[in-house]
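A short worksheet on the structure shown next.
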There are 2 protein chains.
Amino acid sequence: MRTFIVVGHKAVTTPDFSLEDLPGTSGRMDILCRSINSAFVLSHGIRRDVQVFLVLLGGEAPKTLRLMGDQLRHLNPDERTTAALLKKALAIVAGPEWTRSTPGIFVRSGGLAELLFDFQDAKLFYLREDGADANTCQCLKEDAVFILGDHLGMTEEEEAMIEHAHAERISVGPVSLHADHCIVLVNWMLDTRAFL
Amino acid sequence: MRTFIVVGHKAVTTPDFSLEDLPGTSGRMDILCRSINSAFVLSHGIRRDVQVFLVLLGGEAPKTLRLMGDQLRHLNPDERTTAALLKKALAIVAGPEWTRSTPGIFVRSGGLAELLFDFQDAKLFYLREDGADANTCQCLKEDAVFILGDHLGMTEEEEAMIEHAHAERISVGPVSLHADHCIVLVNWMLDTRAFL
């Protein structure tokens, strides 16, 4: 199972954003929608062996959305219908346990700290421009957790948490890319290894 | 200059599609919007050394849109604002010469045949699942033209034209991906070579 965690620093935690102006009203939920597309969408279907966690930090308290490829339904590749699914999930009152919204989409309270606790036994990678080259790194493996920031990168506090969780820093290339493009590349790097 | 040609087999040639339902009303213009994002968008700016041609075949006669990175303005990463730019360009009466819509976006009548004529002296690559591995292929080069299909692939007639134009078949990996993900990978392959 491939796991991607994307931190949306301004992403809203309530459903009162507009599908007509995602970048302007949702705290850049559009970045998270594109990350979902990159993580799951294939030409003929979706990747069942992927899960995505979206950490939403633009509300009063953090919330996390979870999308599980093996259960997902109704996922279309376009941003707007993905945003509509997230909107639906954010209408649910979130407690500390996962609550299901639509098939394969879950919500709970809490943010990055809680996720890092859940994944304390997993192999963690933190995508950062100054990391080791992911494509030549022997360490890259299928059952890993890949942590990515949005357009704002990570705060010092988040970096300290990630460091403390023993995440390995990797970089996907020489040019600084958005999270969704990085996810396309990680999926591809793992695909090519799987077929070697 | 990197050039990407994406053929939208059902993509409309008039501006009367809805930004509220891109996939349903525009002949999958959403695929073309995501291809534009993949071709141009970087973390801090856009790729100036890229141009994209969108061949729109869902109208009475083919039209082609051209986006030039060195002149582009107002390009945001989200699908909807990109679609709004394309809508604007499609409101222009298109003749056989390029007419400018907004900065960096042009439109003309004609389709793939006309583009292949324009690029008769260029190195052409046709992205197809059964092509040679693009990443290990020595042939990959910066000043090339990459031709991609949308969700419908290419017709036999189009394949014959592309073949006749001496395009080399390449594949970007073991898994069948959407055009926008393929473009991310081609850009990355060229980036990593440029920085070797």
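At-a-glance table
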item: Dipole of chain B [Lys/Arg +1, Asp/Glu -1 at C-beta], most positive-end residue of B:His164, B:Gly149, B:Ser26; result: B:Ser26
item: Protein-protein interface of region A:3-35, residues with accessible area decrease of at least 20 Å², isolated chain reference, 1.4 Å probe; result: A:Glu20, A:Pro23, A:Arg34
item: Rounded accessible area per residue of the protein assembly as shown, 1.4 Å, Å²; result: 41
item: Folded to 0 to 90 degrees: helix B:29-40 orientation relative to chain B principal axis, Cα; result: 50
item: Radius, Kirkwood style, for region A:63-196 when every pair of distinct Cα atoms is counted (Å); result: 16.4
item: Whole-Å distance, taken between Cα centres, linking region B:85-138 and region A:127-184; result: 34
item: Lysine-lysine proximity count for chain B, Cα under 18 Å, sequence distance 8 or more or distinct chains; result: 5
item: Percent carbon-and-sulfur accessible area, chain A, ignoring ligands, DNA and RNA, probe 1.4 Å; result: 52
item: Quotient of Cα Rg and 2.2 N^0.38 Å for the protein assembly as shown, N being how many residues it contains; result: 0.97
item: Degrees between helix A:79-90 axis and first principal axis of chain A (Cα, 0 to 90, nearest 10); result: 70
item: Dipole magnitude (debye, nearest 20) for the protein assembly as shown, charges at Cβ of Lys, Arg, Asp, Glu; result: 460
item: Stokes-Einstein diffusion coefficient of region A:3-72, Kirkwood radius over Cα pairs, 25 °C, 0.890 mPa s, in µm²/s; result: 196
item: Residues of region A:164-184 buried by at least 30 Å² on assembly (accessible area, 1.4 Å probe, chain alone as reference); result: A:Pro174, A:Val175, A:Ser176, A:Leu177, A:His178, A:His181, A:Val184
item: Most positive-pole-ward Cα, A:Gln71, A:Gly58, A:Pro174, against dipole of region A:50-196 from beta carbon charges; result: A:Gln71
item: Region A:108-151: chymotrypsin sites (Phe, Trp or Tyr not before Pro) falling in loop per DSSP and having at most 11 other Cβ within 10 Å; result: none
item: Shortest-first nm distances, A:Gly131 label point to equivalent points in other copies (7 Å, Cα→Cβ); result: 2.8
item: Dipole moment magnitude, nearest 20 debye, chain B about Cα centre, only Lys, Arg, Asp, Glu C-beta charged; result: 700
item: Total accessible surface hidden between B and A, rounded to 100 Å², 1.4 Å probe; result: 2800
item: Helical contribution to [θ] at 222 nm, DSSP H n ≥ 4, -39,500 (n - 2.57), averaged over chain B, rounded to 500; result: -9000 deg cm²/dmol
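The values are calculated or read from the model by the stated rules, or taken from the named source; none is laboratory data. These numbers come from a predicted model, not from an experiment. Virtual Cβ from ideal backbone geometry, glycine too; neighbours counted across all protein chains shown. The accessibility values were calculated without ligands, DNA or RNA, using every heavy atom of the protein model including side chains. Shrake-Rupley method; radii C 1.70, N 1.55, O 1.52, S 1.80 Å.
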